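Chemist: Let me begin by handing over the structure; questions about it come next.
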Amino acid sequence: MKLRWSPTSPYVRKVMMVAIECGLENAIEKQTTNAWAADTDLPTDNPLCKVPALVLEDGTTLFDSPVVAEYLDTLHDGPRLFPATGPARWAALRQQALADGICDAAILRRLESQRPDGEKSPNWMERQRRAVTRALDVLEAEAAGLGDTPTIGTLALLVALGYLDFRFGHEDWRQGRPALTRWFESMSARDSYRRTEPPPA
C-alpha cells in the first residue's frame, strides 16, 4: 500500500498511529506529498487534493482519514480500534468527530492568519478559536471517561491535542483543564504517538 503523506498533517498522523497500533507500519510505503504545490499529482489519487490518501495494491484509492483508518483496522487480528457495534462504537466515532473538528478549526484559523494583511478576517479566526475552546471544555468534562484503551476516538484526540501544541503552543490548552491534561500526559506516552511527532514547527 502507498500512503500520500505529509509529516505535519494531523490527519496523516492519525492514520500512521492507527497503522502502528495495528502492526501495519511496514506494509505502508509513505510518499511525501505537498498538497499545496502547483504541480502536485495528488489529484490523481484524491480529487479533493488532500492527504492522507491510501493507494491499495489493486489501484483503489481510499480517502479521507476516517475511511483510511477504518480500512486499516480491518487488516489485523488484534483488538479493533473501531468498536463493532453499540454504545462503544458511537462513543469512539463521536470522539473522532470532535477531534477532527478541533483540527479542522485549528487549520482554518492558521490558514486565515497567513493571508495578507487587509485580507484576514479576525472574526473568522475568532470563530475557529471559540470552536476549539468549546470542544476542549467538553473534553475536560468527559476526561474521566476517556480511559486508557486505544480506540479511533482516543487516538484522534491525542492527535488533535498534539496539533494544538504544534501550531498553537503559545496558547496552552492545558490551562484550566487538569483532568484532560492528566489523560493526555498518560496516553501521549504511547509508542504510536511518540513515533509520529511532527518535525519542529
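Chemist: Test of understanding: extend the Cα→C-beta vector of A84 to 7 Å, then name every residue of region 140-158 with backbone N under 19 Å from that spot.
Modeler: Within reach of a label on A84, which here means backbone N under 19 Å from a point 7 Å along Cα→Cβ, region 140-158 contributes 150-153.
Chemist: In the Gaussian network model of the chain, springs joining C-alpha atoms below 10 Å, which of A53, A88, A35 carries the largest mean-square fluctuation?
Modeler: Taking springs between Cα atoms under 10 Å, the residue moving most is A88.
Chemist: Here is a follow-up. Restricting to DSSP loop positions (anything but H, G, I, E, B) with no more than 16 other Cβ atoms inside 10 Å of their own Cβ, which GluC sites (Glu not before Pro) remain in region 115-171?
Modeler: In loop regions of region 115-171 (DSSP not H, G, I, E or B), the sparsely surrounded GluC sites (Glu not before Pro) are E119, E171.
Chemist: Where does the chain land at 222 nm, in deg cm²/dmol rounded to the nearest 500, when only DSSP H runs of n ≥ 4 count, each adding -39500 (n - 2.57), divided by all residues?
Modeler: -16000 deg cm²/dmol
Chemist: Here's something else I'd like to know. If the cut-off is a Cα-Cα distance under 28 Å, which lysines reach K2, setting aside same-chain residues fewer than 8 apart in sequence?
Modeler: K14, K30, K50
Chemist: Could you work out what % of the accessible surface of the chain is carbon and sulfur, using a 1.4 angstrom probe and leaving DNA, RNA and ligands out of the count?
Modeler: Percent of accessible area from carbon and sulfur atoms in the chain: 52.
Chemist: Counting only DSSP beta bridges with both residues in the chain, tell me the antiparallel percent, nearest 5.
Modeler: 55
Chemist: How large is the accessible surface per residue of region 15-150, computed with a 1.4 Å probe and reported in Å² as a whole number?
Modeler: 57
Chemist: Taking a spot 7 Å from the Cα of A27 along the direction of its beta carbon, which residues of region 170-201 have an amide N less than 18 Å from it?
Modeler: 192
Chemist: Please work out how much length the chain gains when fully extended from T8 to R182, using 0.36 nm per residue of separation minus the C-alpha to C-alpha distance, in nm with one decimal.
Modeler: So the extension gain works out to 60.2 nm.
The values are calculated or read from the model by the stated rules, or taken from the named source; none is laboratory data. Computed from a predicted structure; not experimentally measured. Don't worry about glycine lacking a Cβ; one is built from the backbone with ideal geometry, like all the others, and counts go over all protein chains shown. Just the protein is used for accessible areas: all its heavy atoms, side chains included, with ligands, DNA and RNA removed. Shrake-Rupley method; radii C 1.70, N 1.55, O 1.52, S 1.80 Å.
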